[in-house]
Amino acid sequence: MSGLFPTTPLHLITQLKDPDGGASWQVSWKRFLELYHEPIAAIARASYRRHTGGQQPTREFVEDAVAMVVANFFSKSQYGYDATKGRLRTFLRKLTNARVVDKLRKERPLDQRFMHEGVEAELPDESESESDAFQQSLLATLIEDLRNQIPLRQFEIFERVKLKHEPPVAVATDLGIQRAMVDRTIHKAMNKLREIAARSEYQEEFYR
C-alpha cells in the first residue's frame with residue numbers, strides 16, 4: 001500500500017488531481033483501482049439487477065463496467081468529484097449506474113427501459129454487499145492514510161501487532177527493542193489513527 005487519502009480532502013483524490021502526474025500519481029491510480037474495485041463492482045451488479053428486473057450480470061459485463069467507471073473517474077478527476085460537496089461513495093454510485101445504463105442501451109437497444117431520460121439518476125437503494133465493500137475500502141484507506149503520516153518503523157510495529165496479530169513481546173524481540181517501546185509505539189499509532197478517523201471527510205463517508 002502506498003499514498004492514499006490525506007488531510008483535506010481524502011488523500012487519494014488529492015493525488016489523483018495532481019496535474020504534474022509522476023510516479024506518486026500513477027501509484028495513486030493503481031491503489032484507487034485496488035481499493036475501490038469491489039465497491040464499484042457491487043454497485044454495477046445492483047444497478048444491472050434493478051434495470052433488468054432482477055437478472056444477473058455476467059462477470060464480463062461487470063468488469064467492463066468497472067473499467068468504464070475508472071476511466072470516466074480518471075477523466076473527471078481534475079474537475080468532477082469534489083469531496084467538500086458530497087460523499088465519494090455517492091459520486092461513484094451515480095457514475096457507475098450511468099455507465100451500466102450506457103452499456104445496457106448499447107447491448108439491448110430494443111429494451112425501452114434504458115431509453116427514457118433520467119434513468120441514470122435512478123439509483124437502487126444501497127445493498128448490504130455495496131455497504132460492506134465500501135466499509136472495507138474505507139478502512140483500508142484509513143490504514144493507508146496512517147501509513148503515510150507516521151514513521152515507517154512505527155507503522156511496521158502497528159501493522160504487526162494490530163493487523164497481523166503478532167504478540168508484542170515477539171515483535172520486540174525480533175526488532176531488538178524493549179517491550180515497553182512496542183507498547184508506546186502502538187499507543188501513539190492508535191492515537192493518530194483516531195485523529196485521522198475523526199476528520200470530517202471520514203466521518204461523512206462512514207456515517208452520513
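The values are calculated or read from the model by the stated rules, or taken from the named source; none is laboratory data. Note that the structure is a prediction, hence the values are computed from the model and not measured. For neighbour counting, all protein chains shown are included, and Cβ atoms are generated from backbone atoms with ideal geometry for every residue, glycine included. All accessible areas refer to the heavy atoms of the entire protein, side chains included, with ligands and DNA or RNA removed. Shrake-Rupley method; radii C 1.70, N 1.55, O 1.52, S 1.80 Å.
How large is ³J(HN,Hα), in whole Hz, for each residue of the range 97-109 in order, when computed from phi with the Karplus curve 6.51 cos²θ - 1.76 cosθ + 1.60 and θ = phi - 60°, using x for Gly and Pro?
Ordered by residue, 3J(HN,Hα) equals 4, 4, 6, 4, 4, 4, 5, 5, 4, 6, 7, 9, x Hz.
Between residue 197 and residue 135, what length in nm is gained on full extension when 0.36 nm per residue of separation is reduced by their alpha carbon distance?
Extending this stretch completely gives an extra 21.0 nm.
Using a Förster distance of 35 Å, how high is the FRET efficiency between residue 164 and residue 108, based on the Cβ-Cβ distance and rounded to 0.05?
FRET efficiency, residue 164 to residue 108: 0.15.
For the range 131-196, give the percent of accessible area contributed by carbon and sulfur heavy atoms, probe 1.4 Å, rounded to a whole number.
Carbon and sulfur atoms account for 53 percent of the accessible area of the range 131-196.
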